[in-house]
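One structure is given below, encoded as structure tokens.
The values are calculated or read from the model by the stated rules, or taken from the named source; none is laboratory data. Everything numeric in this text was worked out from a predicted model, so none of it was measured. FYI the Cβ positions are ideal-geometry reconstructions off the backbone, even for glycines, and counts take in every protein chain you see. Remember, those area values only see protein heavy atoms, side chains included, never the ligands or the DNA or RNA. Shrake-Rupley method; radii C 1.70, N 1.55, O 1.52, S 1.80 Å.
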Amino acid sequence: MAGSSWPSETQLNELTQIVSEMAGTGRKEVRVVVSPYRICPLGAHIDHQGGTVSAMAINKGILLGFVPSGDTQVILRSGQFKGECRFRVDEVQFPWKSATVASKTDEESNWGSYAKGALYALQSRQISLAQGIIGYISGPDGMDSSGLSSSAAVGVAYLLALETANNLTVSPEENIEYDRLIENEFWGLRNGILDQSAILLSSYGCLLCMNCKTKEHNLIHPPKLGENHDTEWQEAYKILLAFSGLKHNLTVNPGYNHRVAECREAATVLLNASRDGAAEPLLSNVDPEVYQTHKHILEPTLAKRAEHYFSENMRVSKGLKAWASGRFKDFGMLISESGQSSIENYECGSEPLIQLREILLRAPGVYGARFSGAGFRGCCVALVDTDHAKEAASFVREEYSKVRPELVSQLNQDTAVMICETGDCARVI
């Protein structure tokens, strides 16, 4: 797609060569799923409550080369993990139970589980597959468990590969639902649809806006400077990713699911106070005026969760207008305010992530910064002036090494701080 710098021809050639050797077919027979990672500049932690969120894909992510297997067999190898994953598409898949969720942390032995999750999602909607795939999946080094929705990118990649191999025509909206099934039912996470939506609906240079209650979405384009100047606004900024060195999975950390439950509890209190207790306990079902009238009855923790939800919705609204008018500094300030609310009101973000965010905010040319994902691991994301991107990356790399040398020692210094661009949606090429 125009403007996208990823994947490169070298990456595609290497991948198709590996798959052709695995399958014993010609390279021209190999298809490749491009499934990008995403950032959520505004709208953090509110998708599960039906809030309005913003997101965009970046030019890094998952590549899955594949060919139809010719039978029901699925054979997978990974660029990051050893071994081979094998199963059949006519085998009935079941959700992972709590006894086996912990084993998901053993990525070396369970890296292929998301392929089974994709099959589970399709089977749960009575979609039978006749063809398996022979495939090789690869992601950028150091970016797994980064808070960039690598898990959703992997799930989407397997869905697209299995659907393509079986000549199924599936809309992005349907695949958003299928990947939700992987996350919510197969793995037992209680997250919303932000991640899948960003991966499947993004467009280069645009900000995706999605109402997670109605599922309505649209792309916000920055203003054009005139004829033949479509890319000048995209060239005004870069996306800076700074990695903390912390890695663990949401399924073994109760923090995220616990906060989701607290949001629902806050919604229940507010809906009952407004005599609307029959409504589903989501904060999106609480009118902002009702919140203002009754927020004083919420106990302190629930009050913080509700305050984050309603203030974040307002930041998204302001941010969409700022993006549409090319006011990236204003957009960046809102990102920083969002990050502060995540810390103070949603009470997430481990100490290293908070320190890393503070360093980013001091870096030259940075418009705004927050941690990515749930804030318990991974990286921080910043919007930075293009002319200062390299200087900012060097500053962050040096300053973070001073406060967290034990974590920095675990990072690949070549990829500890990365300069990225926006990306296109997931697709098969």
Scan the range 250-258 and give yes if some residue there is surrounded by 14 or more Cβ atoms within 10 Å (Cβ to Cβ), modelled with pLDDT of 95 or more and of a type outside the set (Val, Ile, Thr), otherwise no. no
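Per-residue answers, yes or no, for (1) farther than 27 Å from Ala266 by Cα; (2) more than 17 Å from the chain's Cα centre (by Cα); (3) open to solvent by 10 Å² or more (accessible area, probe 1.4 Å); (4) of a type in the set (Asp, Glu):
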position	(1), (2), (3), (4)
Gly326	yes, yes, yes, no
Glu347	no, yes, yes, yes
Leu361	yes, yes, yes, no
Val366	yes, yes, yes, no
Ser372	no, no, no, no
Phe376	no, no, yes, no
Cys379	yes, no, no, no
Thr386	yes, yes, yes, no
Ser394	yes, yes, yes, no
If the requirement is being farther than 17 Å from Gly43 by Cα, out of contact with any Lys or Arg (no Cβ under 6 Å at 6 or more places or on another chain) and among the hydrophobic types (A, V, I, L, M, F, W, C), which of these qualifies: Ala392, Ala382, Ala322? Ala392
So, of the residues in the range 178-229 that are free of Cβ contacts under 8 Å to residues at least 12 places away in the same chain and not in a loop (DSSP other than H, G, I, E, B), which turns out to be farthest from the chain's Cα centre (by Cα)? Asn218
Scan the range 410-427 and tell me whether some residue there is open to solvent by 30 Å² or more (accessible area, probe 1.4 Å) and in a helix (DSSP H, G or I). no
Return yes when Gly147 is buried (at least 23 other Cβ atoms within 10 Å of the Cβ) and either modelled with pLDDT of 95 or more or not aliphatic (A, V, I, L, M) (or both) and no when it is not. yes
Which numbered condition in (1) within 23 Å of Met210 (Cα to Cα); (2) out of contact with any Asp or Glu (no Cβ under 8 Å at 6 or more places or on another chain); (3) surrounded by 15 or more Cβ atoms within 10 Å (Cβ to Cβ) is the only one that Pro352 fails? (1)
Which helices (runs of 4 or more DSSP H) sit wholly inside the range 1-119 and have at least 2 residues that are modelled with pLDDT of 95 or more and open to solvent by 30 Å² or more (accessible area, probe 1.4 Å)? 9-23
Across the range 371-429, what is the number of residues that are among the small types (Gly, Ala, Ser) and more than 30 Å from Leu194 (Cα to Cα)? 3
Gly205 modelled with pLDDT under 90, surrounded by fewer than 23 Cβ atoms within 10 Å (Cβ to Cβ) and under 21 Å from Ser124 (Cβ atoms): no
Out of Asn191, Asn167, Asn175, which single residue is farther than 14 Å from Ile127 by Cα and not hydroxyl-bearing (Ser, Thr, Tyr)? Asn191
Tell me which residues, restricted to the range 280-314, are under 22 Å from the mean Cα position of the chain (by Cα) and more than 17 Å from His48 (Cβ to Cβ). Met314
Suppose we filter the range 315-349 for residues that are touching a strand residue (DSSP E or B) at 6+ places or on another chain (Cβ under 9 Å) and not in a helix (DSSP H, G or I); how many remain? 2
Long-range neighbours under 7 Å by Cβ, at least six apart or interchain, first residue touching a residue at least 24 places away in the same chain (Cβ under 8 Å) and surrounded by 14 or more Cβ atoms within 10 Å (Cβ to Cβ) within the range 276-295, second among the charged types (D, E, K, R) and not in a helix (DSSP H, G or I): Ser284/Lys213
Just to be sure, is Ala363 farther than 21 Å from Arg305 by Cα, out of contact with any strand residue (DSSP E or B) (no Cβ under 6 Å at 6 or more places or on another chain) and in contact (Cβ under 8 Å) with a residue 12 or more places away in the chain? yes
